[in-house]
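One structure below.
Every read-out reported here was derived from the displayed coordinates using simple, explicitly stated rules and does not represent laboratory data. Just so we're clear, the structure is a prediction, and the values are computed from it rather than from any experiment. Here Cβ is always computed from backbone atoms with ideal geometry, including for glycine, and neighbour counts include all displayed protein chains.
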Amino acid sequence: GIASVDLRHKASERMEGSIGKLFPSIEARITDDQLIVRGKTCFCAQYRRGTRIPHDPQSWFNTEDCISVSGEYLFFSGRKDEMLNSENGERISPAAIEAAFGCPQISQLCVLSMLNEKGKNEAALIVEPKQYNAYALGLLSKQLYEKNDSLPSSYRVGRILFSQNPLPLASTMKVQVSAIRKQLEDGSMQLFEA
């Protein structure tokens, strides 16, 4: 909502996934797939840890939103800090990978970048299964690995992990990746290989 909103009347047009045309009061440029904006309707301050930090609306602001453009319409693909580098170097939104793995046996799931045993970052799928008995976990593991093998290489994950804890959710019912990272760092989240 910082730079655009889709105001078209037809639902079929709004369902194309666009976030709309750029507001006329905003100047924008896209650098490294990220939206950078300035203009009189941009924000004039932000708060960080309770401190007000002024912002000149005429200076450029990197939204860190990854954007593509088709005609006059903008399309959001994810946040810079959430994007993953695939094996072929392509930047992929975790949501696109997550959509490929959803199934009825899963309560929640998320994809994030994690260090593997060689110290290299790779995409990992973290799953909160609905059932934890050995038979259900075995079937789910098989299904997830088969799905992973059938995906294009840019959408494959390097690891599939089951969580013994419920995955933390935001008020929007979306898994909070930042909370998972914190729990992994402090050791309060227990994961095991599928």
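Before moving on, here are some points about what is shown:
- Karplus (6.51, -1.76, 1.60) ³J(HN,Hα), θ = phi - 60°, over the range 48-58, in Hz, Gly and Pro reported as x: 10, 6, x, 9, 7, 10, x, 9, 7, x, 8
- Based on C-alpha pairs under 8 angstrom that are at least 6 apart in sequence, the range 96-155 has a relative contact order of 31 percent.
- Under-5 Å amide H pairs with Asp6, H placed in peptide plane, nonlocal only: Gly20
- Overall form of the range 100-194 per C-alpha gyration tensor (a/c, 1.5; a/b vs b/c): rounded
- Amide H contacts of Gln34 (H built 1.01 Å from N, in plane; Pro and chain starts excluded): Ile67 sit under 5 Å, all sequence-distant by 5 or more or on other chains.
- The chain - percent relative contact order, Cα under 8 Å, separation 6 or more: 13
- Structure-derived percent of Cα pairs over 30 Å apart - corresponding label in [x] 48; [y] 22; [z] 34: [z]
- The range 3-10 - phi-based ³J(HN,Hα) in whole Hz, Karplus 6.51/-1.76/1.60, Gly and Pro as x: 10, 6, 7, 7, 9, 5, 7, 6
- If you take the Cα centroid of the range 3-20 and the Cα centroid of the range 168-194, the two points sit 32 Å apart.
- Helix 177-186 and the longest principal axis of the C-alpha atoms of the chain enclose an angle of approximately 50°.
- Judged by the gyration tensor of its Cα atoms, with axes a ≥ b ≥ c, the range 153-194 is oblate; a/c meets the 1.5 cut and b/c is at least as large as a/b.
- Shape of the range 49-153 from the C-alpha gyration tensor: prolate (a/c of 1.5 or more and a/b above b/c, with a ≥ b ≥ c the square roots of its eigenvalues).
- 3J(HN,Hα) from dihedral phi, the range 141-151, Karplus parametrisation 6.51/-1.76/1.60, rounded to Hz, x for glycine, proline: 4, 4, 5, 5, 5, 5, 4, 4, 5, 8, 7
- With at most 14 neighbouring Cβ atoms within 10 Å, loop chymotrypsin sites (Phe, Trp or Tyr not before Pro) (DSSP) excluded, longest segment of the chain: 61-131
- From its DSSP helices (H runs of at least four residues, each -39,500 (n - 2.57)), the chain gives a residue-normalised ellipticity at 222 nm of -6000 deg cm²/dmol.
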